[in-house]
Amino acid sequence: MIPYRPEPFTNFLEEQNMKKINEALEKVQTELGRDYPLVIGGEKIMTEKKMISINPSAKNEVIGRTASASQELAEKALQNAAQTFQTWSRVPAHQRSRYLVKAAAIMRRRKHEFSAWLMLEAGKNRVEADADTAEAIDFMEYYARQMTELADRGRQTLVPMEGEDNDLTYIPLGVGVIIPPWNFALAIVVGMTTAAIVTGNTVILKPASQTPVIAYKFYELLVEAGVPAGVVNFLPGDPTEIGDFLVDHRLTRFISFTGSRAIGLRIHERSSKVASGQIWMKRLIAEMGGKDAIVVDKDADLELAVQGIVASAFSFSGQKCSACSRAIIHEDVYEDVLNRCVELTKNLKVGDVRDASNYTGPVIDEKAFNKIMEYIKIGHQEGRLVAGGKPAGDTGFFIEPTIFADVNPNARIMQEEIFGPFVAFTKVRDFDHAMEVANNTGYGLTGSFYSRNRELIERARVEFHVGNLYMNRKCTGAIVGVHPFGGFNMSGTDSKAGGPDYLLQFTQPKLISEAL
Ligand code: NAP
């Protein structure tokens, strides 16, 4: 295999690229409103009950309807995955890797089509959708190579012993339940699923309720790439019906979860209980929320910092776990940074992402819309509204990019994950104070420090306690293989997706020693 290189982003300022994505968008729009099955062991099953996916930019547009699994079907899926594990786990690692390389090649050819689905189902603008698809391709290419490297690693790392043949191999765990969020509706689904299967496990993929159609499109692509039936079982369903059932089941060997802290902790608790007949301790990989901060020192390049805050806070309507939701600014430059952020923010156009002039699209659904509007009410009690604060049209779930200034670090809007186009500003006296405020939440996912002061940059490297720390750049936009991703504290198990240690979590090392 040729070495991994991250997929380049598409430049939509070039006319022919804009034309290609718009053609893909037109094609996908002719395919809206269809029904999709769940799939167990290759068998497509329709159910009477359906999950309905809608376009968050246009509430009355149905993206598609998928089947909705019952507990009986979840049982069938687990049994099937357990059976398929017997054969898939024996497929050589290099062969498993090649399925991913093939799948990545197919996705690359249909890149704009996948991005178009993301625009419509997740409400991403062209640039964000393209980055999501590129990341999905990267995960497959990267994990394919990581798997071959892991397969060859064992023998090389052992100390030789005369008269013995020793081998350390990384064998798969068993059946995994993959539970992704909707916000990287392709990249995270692809990353979590392919990491689990390339290491030899079989999985139940339960997509997020808001974005099941794009997940089905990925499932279809795996079939096209030749992945055998039953390796990935596609199981959309209401989590109140099948969520606990899948997590609690004795056949579940591991759970790979990305989502909110509340659901992550629920799964953590439940997965630690041993079900009747269960013969292992379940493994949990849980990537959860963030309350990410950008800290700006008085010696920073202020324009660079402002651009970083606005991009990190409002790209994809702030619906990234890495999004900047706290701006912690040195008092000497506070007013300048705040005023310039407000100026840029007021120029961001909000609306349907099909219109290329709209930077900020919708939030994902009505529940998210109501939750964010509720936090705006709280913001009025806890700070000074300086930008946004209102809904922006009612065809979709649009909210103006919102900034609250002069907020106490302990205020709710500085502590709780809001997951929308919303950032709170606070003023600090000096570096020590900035670090105290930055580290003052239950989370620890991403953060940025802007400064030209070498000494403070070195101190921030040690004292800023987050899993992904960036200096003089925005706190979003991790690239597979370049910026392995995961956070501390209540941000999860810090599994570092897209990093060299990630696949280990889906394996168990076995040592075989033969006396010669
Ligand atoms: P969520 O509400 O926690 O849902 C995540 C997944 O869990 C969905 O598939 C959901 O299904 C499922 N689920 C809900 N209840 C369940 C249960 N009882 N048992 C099993 N599964 C259950 O989170 P979200 O709103 O989709 O995503 C946003 C959150 O993800 C934010 O907190 C964000 O910070 C976090 N996130 C973290 C990272 C990271 O790498 N750290 C990356 C992206 C997002 P339904 O969709 O059907 O409810």
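The values are calculated or read from the model by the stated rules, or taken from the named source; none is laboratory data. Owing to the predicted nature of the structure, the values given are computational and were not obtained by experimental measurement. Positions of Cβ are generated from backbone atoms using ideal geometry, with glycine treated the same way; all protein chains shown enter the neighbour counts. The accessibility values were calculated without ligands, DNA or RNA, using every heavy atom of the protein model including side chains. Shrake-Rupley method; radii C 1.70, N 1.55, O 1.52, S 1.80 Å.
General observations
- Charged-residue dipole, Cβ positions (Lys, Arg, Asp, Glu), the chain about Cα centre, Debye nearest 20: 880 debye
- Residues of segment 284-301 with amide N under 20 Å of the 7 Å Cα→Cβ point at Glu343: 296-301
- Cα centre as origin, Lys/Arg/Asp/Glu Cβ charges: segment 292-479 dipole, Debye: 320 debye
- Nonpolar atom fraction for the chain, defined as the carbon and sulfur part of the 1.4 Å probe accessible area, stands at 52 percent.
- In Hz, Karplus ³J(HN,Hα) per residue of segment 104-116 (6.51, -1.76, 1.60; θ = phi - 60°; x = Gly, Pro): 5, 5, 5, 5, 4, 5, 10, 3, 5, 5, 4, 5, 5
- FRET efficiency, 1/(1 + (r/R0)^6) with R0 35 Å, evaluated for Glu303 and Lys59 via beta carbons: 0.40
- Whole-Hz couplings from phi, Karplus 6.51/-1.76/1.60, listed for segment 360-376; x for Gly and Pro: 9, x, x, 8, 5, 7, 5, 4, 5, 4, 5, 5, 5, 5, 5, 5, 5
- The aspartates and glutamates within cross-link reach of Lys390, meaning a Cα-to-Cα straight distance under 14 Å and a gap of 8 or more places when in the same chain, are Glu374, Glu400.
- Close amide H contacts of Tyr470 (hydrogens built in the peptide plane, cut-off under 5 Å, sequence separation of 5 or more or a different chain): Gly447, Ser448, Phe449.
- Links that overshoot a 19 Å alpha carbon limit, given the list Lys206/Lys496; Lys111/Lys474; Lys124/Lys377; Lys19/Lys111: Lys206/Lys496; Lys111/Lys474; Lys124/Lys377
- Seen from Gln319, the other residues with C-beta closer than 12 Å to its C-beta sum to a net charge of -1, counting Lys and Arg as +1 and Asp and Glu as -1.
- Overall, segment 391-514 carries a charge dipole of about 320 debye about its Cα centre when +1 sits on the Cβ of Lys and Arg and -1 on the Cβ of Asp and Glu, all other atoms neutral.
- C-alpha long axis of helix 15-29 to longest principal axis of the chain, angle in °: 60 degrees
- The chymotrypsin sites (Phe, Trp or Tyr not before Pro) of segment 280-335 meeting both criteria, a DSSP state outside H, G, I, E and B (loop) and at most 16 other C-beta atoms within 10 angstrom of the site's C-beta, are Trp280.
- Counting charges near Gly289 (Lys, Arg +1; Asp, Glu -1) among other residues having Cβ under 15 Å from its Cβ returns a value of +2.
- Prolate/oblate/rounded call for segment 1-139, Cα gyration tensor, a/c under 1.5 rounded: oblate
- Less than 5 angstrom separates the built amide H of Phe184 from none of the residues sequence-distant by 5 or more or on a different chain.
- Taking every protein chain into account, the accessible area of segment 292-479 amounts to 39 square angstrom per residue (probe 1.4 Å).
- Per-residue 3J(HN,Hα) values for segment 229-235, derived from phi via the Karplus relation 6.51 cos²θ - 1.76 cosθ + 1.60 with θ = phi - 60°, read 4, x, 6, 10, 9, 8, 10 Hz in sequence order (x marks Gly and Pro).
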